[in-house]
Amino acid sequence: MFHAFDTKTDGRALDRAQWMAVLARAPLALIEPALGAHAHAEPRWLRAPETGLVMVQGRAGGTGERFNVGEVTVTRCALRLADVGGAVGVAYVLGRSHRQAQLAAVADALMQDPERQAALNAQLLVPVQRHLAEQRAQRHARAQSSKVEFFTVARESGGADEEEGEE
Amino acid sequence: MNTQDLSKLGAGFSEAAIGSQSVFRAALQALSYPGRVTALPHDAQTPSHGHSASAALLLALLDPDCTLWLSPALAGSDAAAWLRFHTGCVLVDAAADAQFAWVAQGDECPPLEDFAMGSETYPDQSATCVIDVEAFESGTSRGWTLRGPGIAGSTALAVHGLPGNDPAAFAAQWSANNAAFPRGVDLFLVAPREIVGLPRTTRIDNPTTMEA
């Protein structure tokens, strides 16, 4: 669930692909309050939320041949907000939640307005990024607890046999 | 993956299933009664290029498995982006590769035999052409007399604004299309709000009567 999109941007503003990647993973509990009234406004749909399957491909070790990992459920939508100069928000979100896809698209449309960008960044993207980082840390810690250290007797350089021979 | 500017894009049918079914019903009606002018009501926010009825018709007919050829005025316009976005259809550059073709009013229409005509074994693999025209006049003596399956006796139809503004040349091409049966293309002639179906079985009796 962590991607190249999550690399630190050194304080620079996220570009659209980056904020869409963050919004796509934003839990409803974070995104809904941050959008305020926009979360309840009736959007003008370009493409109403629809759920379908997407084939995920992977590469063994990140470099090997591509293979099909399996299908995942994805919900997508596109909408237009009247009060942001007709900006179109698009969202592709894992899972079947139409509401989550809608709010991610609303946030995407709002983010395209330069005047709201900074505020939304602070209210929504930063908390979501923090939440994702926490999730990642927890998953990491859980995996760490099952880590097994294998101790092997490291052979000294030269090897014991040679040393014996020298004596 | 090509990105497209969505900011000017209109919505599709407000209810995808209901909207496309009612348009499909009208298209079926038009092909069942060749030469009859059929209204095509829809609520899609159609693009500015091309007739609104053609856009709605193609929106109902196309899906990601379909290939579409657009005449020069439509290729690269908002109509192409709109159909790509809503239907996922594949746009092709060669008319012969297309299962569907859309010719804007005033554009040259390639010769009908340049479109996919199907084969003797699979005549269904032929192209369906949507041609924008200016207007229809039915029941007039100045038009074509159409005969064939779906028409009781004959029906009269005048079409204004055919491609090239040359109804006689068009009718000649059409009789060549008839002669290739069972191969051949099927046509939808489309005025801004109405459509007329011309399946490959329909014959034009008096090709030279209609004035440009």
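The modelled label-to-label distance for the pair B:Asn178/A:Arg16, using points 7 Å beyond Cα in the direction of Cβ, is 5.2 nm. As an exercise, use a Förster radius of 35 Å and the Cβ-Cβ distance of A:His131 and B:Asp65 to find the FRET efficiency, rounded to the nearest 0.05. E between A:His131 and B:Asp65, to the nearest 0.05, is 0.30.
Taking only Cα atoms, what is the 0 to 90° angle, nearest 10, from helix B:78-87's long axis to the longest principal axis of chain B? So the inclination is approximately 80 degrees.
Cβ-Cβ distance of A:Phe67 and B:Ser154, R₀ of 41 Å, FRET efficiency by 1/(1 + (r/R0)^6): the value works out to about 0.05. Spatial offset of region B:26-66 relative to region A:31-96 amounts to 29 Å, using the alpha carbon center of each. Compared with the direct C-alpha span, the chain from A:Asp113 to A:Gln138 gains 5.6 nm at full extension, assuming 0.36 nm per residue. Peptide A:79-89 shows a mean partner chain C-beta count of 2 within 10 Å per residue C-beta. Using a simple spin-label model with pseudo-atoms 7 Å out from Cα toward Cβ, B:Gln21 and B:Ala96 lie 4.1 nm apart. For A:Met111, A:Met55, the sequence from fewest to most other C-beta atoms within 10 Å is A:Met55, A:Met111.
Full extension of the segment from B:Ala135 to B:Gln29, taken as 0.36 nm per residue of separation minus the current Cα-Cα distance, would add 36.3 nm. Estimated purely from DSSP H runs of n ≥ 4, each contributing -39500 (n - 2.57), the mean residue ellipticity at 222 nm for chain B is -7500 deg cm²/dmol once divided by its residues.
At an R0 of 56 angstrom, the distance between the Cβ atoms of A:His98 and B:Asp114 translates into a FRET efficiency of 0.80. Exposure proxy for B:Asp186, B:Asp43: other Cβ atoms within 10 Å of each Cβ, ordered fewest to most, give B:Asp43, B:Asp186. Can you give the longest stretch of chain B with no exposed loop site, where a site means trypsin sites (Lys or Arg not before Pro) in a DSSP loop (not H, G, I, E or B) with at most 15 other C-beta atoms within 10 Å? Result for the longest clean stretch: B:9-141.
Rule-based calculations on the coordinates, nothing more; no lab input. Just so it is clear, the structure is predicted and the values come from calculations on it, not from any experiment. In this analysis, Cβ positions are derived from the backbone assuming ideal geometry, glycine residues included, and neighbour counts consider all displayed protein chains.
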